[in-house]
Amino acid sequence: MSEKFSVYVPNLVNKDENFVQGHRACQGCGLALAVRLILKAAGRNTIVVSPTGCLEIISTPYPQSAWNLPWVHVAFENAAAVATGIEGAFKALQAKGKKDDKPVNIIAIGGDGGTADIGLQALSGAMERGHDFLYICVDNEAYMNTGIQRSSSTPFGASTTTSPSGQASIGQVTAKKNMTAIAAAHNIPYTATACPSYPFDLMEKVKRALSYRGPKYIHCLVACPTGWSNAADLMVRIGSLAVETGAFPLYEVIEGKYKLNFDFPKLRPITDYLKIQGRYKHLKPKDIELIQEKVNNDWKQLKHKVSCDMLASPSRERSGE
């Protein structure tokens with residue numbers, strides 16, 4: 001049940017561009033598309049904080065910038081800390097009567113390295129303290145900017161430069177870190193997964209997240225043709241397959257309750273997702289069976305959480321009214 005639109009509907013999407021053309025992203029970069037959609041949903045009344053990574057490199061080659069709104073480049077480890085500092089600055093200005101009460105969207109956008117690894121301590125602290133900002137991880141599943149090194153978000157079996165496949169190695173030997181579950185465990189009001197292959201779902205989740213006070217987290221899967229070794233024109237298709245196979249389900253955790261956004265009577269086989277990515281070309285049938293088994297188990301656990309929360313909710317919410 002992928003989103004399919006055969007005709008263009010005018011005025012369906014905000015026409016303002018806050019992440020503009022001329023950046024240096026690779027052809028078929030899911031990151032660039034995701035950020036463009038995120039900022040269309042957020043609007044101009046937004047400040048973006050980004051740690052070092054692909055996003056910073058492609059968007060700000062001196063003296064140019066692809067940002068059409070305030071943007072702050074920070075170190076790998078402190079994007080969440082800087083975002084909370086901006087929040088504190090606005091509170092101080094309001095207390096002194098130097099700023100009105102109109103809220104400003106504070107959004108930190110970091111890659112998986114700057115989120116799940118190097119920036120996790122600052123992010124966890126900011127969420128625990130209840131700061132009012134949105135953190136979005138644009139996850140291309142490795143340190144792509146510095147040479148395609150593995151991260152804790154790299155899936156099992158994927159080949160990277162620091163987890164290479166070979167006679168003595170399957171590639172990445174650990175499972176992908178579940179950052180969405182980690183964020184939700186902080187009891188924040190809104191957590192979600194997203195993918196630019198489902199653009200309206202992504203934009204609605206950004207708008208919904210910004211409607212809540214306090215810390216919010218969105219984990220967005222973005223295909224990387226350079227690191228994933230796929231054809232550039234397959235970026236959107238790969239994202240759709242990640243969802244349709246259950247490799248990356250789309251769901252929300254709203255005030256502690258799980259909601260599945262796209263359900264399927266039957267998941268597509270994981271081979272549909274793996275076979276069009278060169279980073280998995282070394283896998284043997286037994287390896288793919290292990291991956292399929294984990295996907296199936298994770299899907300069942302997610303469906304169980306969703307069903308339990310539906311049973312615990314009033315019937316009006318369960319019916320979607």
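Considering segment 211-239 alone, what residues qualify as being within 15 Å of the chain's Cα centre (by Cα) and either surrounded by fewer than 20 Cβ atoms within 10 Å (Cβ to Cβ) or among the basic types (K, R) (or both)?
Once the filter is applied, which keeps residues that are within 15 Å of the chain's Cα centre (by Cα) and either surrounded by fewer than 20 Cβ atoms within 10 Å (Cβ to Cβ) or among the basic types (K, R) (or both), segment 211-239 yields K216, V236.
Mind checking which residues of segment 201-215 are in a loop (DSSP other than H, G, I, E, B) and on the phi < 0 side of the Ramachandran plot?
Restricting attention to segment 201-215, the residues satisfying the condition of being in a loop (DSSP other than H, G, I, E, B) are 211-214.
Answer for segment 201-215, where residues must be in a loop (DSSP other than H, G, I, E, B) and on the phi < 0 side of the Ramachandran plot: S211, Y212, R213.
M127 passes all but one of (1) closer than 25 Å to A175 by Cβ; (2) over 19 Å from the mean Cα position of the chain (by Cα); which number fails?
If we test M127 against (1) closer than 25 Å to A175 by Cβ; (2) over 19 Å from the mean Cα position of the chain (by Cα), just (2) comes out false.
Within the set of pairs 6 or more residues apart or between chains, which connect a residue that is without any contact (Cβ under 8 Å) to a residue 60 or more places away in the chain inside segment 225-250 to a residue that is of a type in the set (V, I, T) and assigned to a helix (DSSP H, G or I) with Cβ atoms less than 9 Å apart?
Taking only residues 6 or more apart or on different chains, the pairs are T245/T271; T245/V295; G246/V295; P249/V243; L250/V243.
Please report, ordered by residue number, the helices (runs of 4 or more DSSP H) entirely within segment 1-118 with at least 3 residues that are loosely packed, with under 12 Cβ neighbours inside 10 Å.
79-95
Suppose we filter T180, T115, T174 for residues that are out of contact with any Leu (no Cβ under 6 Å at 6 or more places or on another chain), over 28 Å from G43 (Cα atoms) and not hydrophobic (A, V, I, L, M, F, W, C); which single one remains? Step through it out loud before you land on a result.
Details: T180 fails: over 28 Å from G43 (Cα atoms); T115 fails: over 28 Å from G43 (Cα atoms).
Criteria check complete, one pass: T174.
Yes or no, residue by residue, for (1) modelled with pLDDT under 95; (2) in contact with a helix residue (DSSP H, G or I) (Cβ under 6 Å, 6 or more places away or on another chain):
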site: V48; (1), (2): no, no
site: Y62; (1), (2): yes, no
site: A80; (1), (2): no, yes
site: G85; (1), (2): no, no
site: G119; (1), (2): no, yes
site: S124; (1), (2): no, no
site: M127; (1), (2): no, no
site: G130; (1), (2): no, no
site: F133; (1), (2): no, yes
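Can you tell me how many residues within segment 155-166 are free of Cβ contacts under 8 Å to residues at least 24 places away in the same chain and buried (at least 16 other Cβ atoms within 10 Å of the Cβ)?
Counting residues in segment 155-166 that are free of Cβ contacts under 8 Å to residues at least 24 places away in the same chain and buried (at least 16 other Cβ atoms within 10 Å of the Cβ) gives 1.
Within 15 Å of the chain's Cα centre (by Cα) and on the phi < 0 side of the Ramachandran plot: which single residue out of S65, S50 fits that description? Outline the logic, then answer.
Values: S65 fails: within 15 Å of the chain's Cα centre (by Cα).
Result of the check over S65, S50: S50.
Please state which one of K294, K286 is surrounded by 15 or more Cβ atoms within 10 Å (Cβ to Cβ) and more than 20 Å from I136 (Cβ to Cβ). First the steps, then the outcome.
Numbers: K286 fails: surrounded by 15 or more Cβ atoms within 10 Å (Cβ to Cβ).
Step by step, each of K294, K286 is checked, and only K294 is surrounded by 15 or more Cβ atoms within 10 Å (Cβ to Cβ) and more than 20 Å from I136 (Cβ to Cβ).
I'd like to verify a number: residues in segment 167-190 that are more than 16 Å from T115 (Cα to Cα) and touching a residue at least 12 places away in the same chain (Cβ under 8 Å), how many? Spell out how you get there, then give the answer.
Residues of segment 167-190 that are more than 16 Å from T115 (Cα to Cα), as a first pass: 167-175, 187-190.
Filter once more, so that each one left must be touching a residue at least 12 places away in the same chain (Cβ under 8 Å): 170-175, 187-190.
Matching residues across segment 167-190 total 10.
Go through I238, I218, I276 for me and flag whichever is aliphatic (A, V, I, L, M) and assigned to a strand (DSSP E or B). Steps first, answer last, please.
Details: I238 fails: assigned to a strand (DSSP E or B); I276 fails: assigned to a strand (DSSP E or B).
Just one listed residue meets the conditions, I218.
The values are calculated or read from the model by the stated rules, or taken from the named source; none is laboratory data. None of the values given here were measured: they were computed from a predicted structure. Don't worry about glycine lacking a Cβ; one is built from the backbone with ideal geometry, like all the others, and counts go over all protein chains shown.
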